[in-house]
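The values are calculated or read from the model by the stated rules, or taken from the named source; none is laboratory data. Keep in mind that this is a model prediction, so the values were computed, not measured. Virtual Cβ from ideal backbone geometry, glycine too; neighbours counted across all protein chains shown.
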Amino acid sequence: MARVVTPTLLSLAGRVLSLHQPVRGYRFGADSLHLVHFAHTGRTVATLADLGAGCGVVGLALLALGAAQEGTFVERDALQAERCARNLDDNALSGHVYASDVATLQAPRRCGLVVCNPPYFEAAEGRASPDPAKRLARTGELRPFVQAAARWGAPASRICFVYPAATALRLFDALAAAGLHLSRLAWVHSRATEPARLVLVEARAAGRGGLRVEAPRIELL
């Protein structure tokens, strides 16, 4: 079992979250925080679902910001699911954690907000990490996560993903195949002069209105 550090402290709008994550292995990064800020629009829903939750950073941050009253977290890595449950309790937030694969878990309810930071690489892409936890978090099929998001969301629910810009078409195709329609999109650039690094996407099952493309998000000015 990977050792766990003193909790990482994450400050959000005046509230500090305490998040246990391993010293080595998969640790959350800026991608997760971009997804938090993109998914948080100032409105509150009754429930949110965080699919492929890891230690729970995205869903927990959204709960702390008031984006939802209760959260459901799904994570296939049993150790990460255990940390997610601990983080939920330590921060006195309301929710449930399932140590399960999103492809096989039946959604117990529909949620007003669904968020997902899925694996970025298909099995044959890139160089596999020698660390099992990193390999499990980074490598896998995208389509089961998109299909699960469609099951967890209601027709009017917002479904938000973060994904590499270079393979954004794969995400767009998977969303369309699952009957989800793009409603918002934002590109994330490391610098204003560099190509986009990430895409942030909001989709809905009920296609109403057009696509809103937001201003680029620049990490380093």
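Scan segment 212-221 for residues that are aliphatic (A, V, I, L, M) and either surrounded by 19 or more Cβ atoms within 10 Å (Cβ to Cβ) or at pLDDT 95 or above (or both) and the total you get is 3. Residues in segment 153-209 that are surrounded by fewer than 17 Cβ atoms within 10 Å (Cβ to Cβ), small (Gly, Ala, Ser) and in a strand (DSSP E or B): 154, 156, 190, 196. Within segment 56-80, restricting attention to residues that are at pLDDT below 95 and hydrophobic (A, V, I, L, M, F, W, C), the residue that is nearest to residue 9 (Cα to Cα) is 79.
Among the conditions (1) at pLDDT below 95; (2) under 21 Å from residue 107 (Cβ atoms); (3) in contact with a strand residue (DSSP E or B) (Cβ under 6 Å, 6 or more places away or on another chain), residue 9 misses just one, which is (2).
Tell me whether segment 95-115 contains one or more residues that are of a type in the set (S, T, N, Q), closer than 22 Å to residue 30 by Cβ and in contact with a helix residue (DSSP H, G or I) (Cβ under 9 Å, 6 or more places away or on another chain). No, segment 95-115 has no match at all.
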